[in-house]
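The values are calculated or read from the model by the stated rules, or taken from the named source; none is laboratory data. Predicted, not measured: the structure shown is a model, and the values here were computed from it. For neighbour counting, all protein chains shown are included, and Cβ atoms are generated from backbone atoms with ideal geometry for every residue, glycine included.
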């Protein structure tokens, strides 16, 4: 069985993330969306909220599951018999960073990294940019699922 992982913070989940997960689900028998938890980083949404959002967003993909993780993604891969890490690339700058990570991950465990370019209409979308635009009152509904948009508006209103 070819099992892959799509790791990320997904804070919040965007259509860019979901595009990569959906496309990975067509390439692999099983895809695990690994929602990273780093207690030293300040996130807009708690880990359980991000996991819940990704589970809802991926509910129509029968070969996709969502789990949280802490620590190294390579440890998660070893624990889950994962053979590939799938990463989306928006621009050349993403490649420069991700290539080093891929080489480190491969040297640690032998797990391969598969790079998928984002779809052209999603190439500029990032969680950080979505949060920034939404924080200034901009409409980001075209970039996130409706339920994520609702949660994002509520969270920013409560801050």
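Points to keep in mind about this one:
- Among the residues of this structure, residue 42 counts as one that is surrounded by fewer than 17 Cβ atoms within 10 Å (Cβ to Cβ), without any contact (Cβ under 8 Å) to a residue 12 or more places away in the chain and either closer than 27 Å to residue 132 by Cα or in contact with a strand residue (DSSP E or B) (Cβ under 9 Å, 6 or more places away or on another chain) (or both).
- Selection of the range 61-84 for residues being in contact with a helix residue (DSSP H, G or I) (Cβ under 6 Å, 6 or more places away or on another chain) and closer than 25 Å to residue 119 by Cβ yields 61, 63, 64, 66.
- Meets criteria (within 24 Å of residue 46 (Cβ to Cβ), within 17 Å of the chain's Cα centre (by Cα) and surrounded by 15 or more Cβ atoms within 10 Å (Cβ to Cβ)) for residue 89: no
- Restricting 28, 95, 124, 76 to those that are at pLDDT 95 or above and farther than 15 Å from residue 2 by Cα reduces the list to 76.
- Subset of the range 135-146 [at pLDDT below 95 and surrounded by 13 or more Cβ atoms within 10 Å (Cβ to Cβ)]: 135
- Residues satisfying the stated conditions in the range 18-33, i.e. assigned to a strand (DSSP E or B) and either surrounded by fewer than 24 Cβ atoms within 10 Å (Cβ to Cβ) or more than 10 Å from the chain's Cα centre (by Cα) (or both): 30, 31, 32
- Restricting attention to the range 33-53, the residues that are out of contact with any helix residue (DSSP H, G or I) (no Cβ under 8 Å at 6 or more places or on another chain) and within 25 Å of residue 149 (Cβ to Cβ) total 9.
- Considering 99, 108, the condition of being more than 18 Å from residue 23 (Cβ to Cβ) and touching a helix residue (DSSP H, G or I) at 6+ places or on another chain (Cβ under 7 Å) is satisfied by 108 alone.
- In the range 1-17, the qualifying residues are those that are over 8 Å from the mean Cα position of the chain (by Cα) and assigned to a helix (DSSP H, G or I), and the one that is surrounded by the fewest Cβ atoms within 10 Å (Cβ to Cβ) is 15.
- Residue list for the range 98-121, filter: modelled with pLDDT under 90 and more than 22 Å from residue 25 (Cα to Cα): 108, 109
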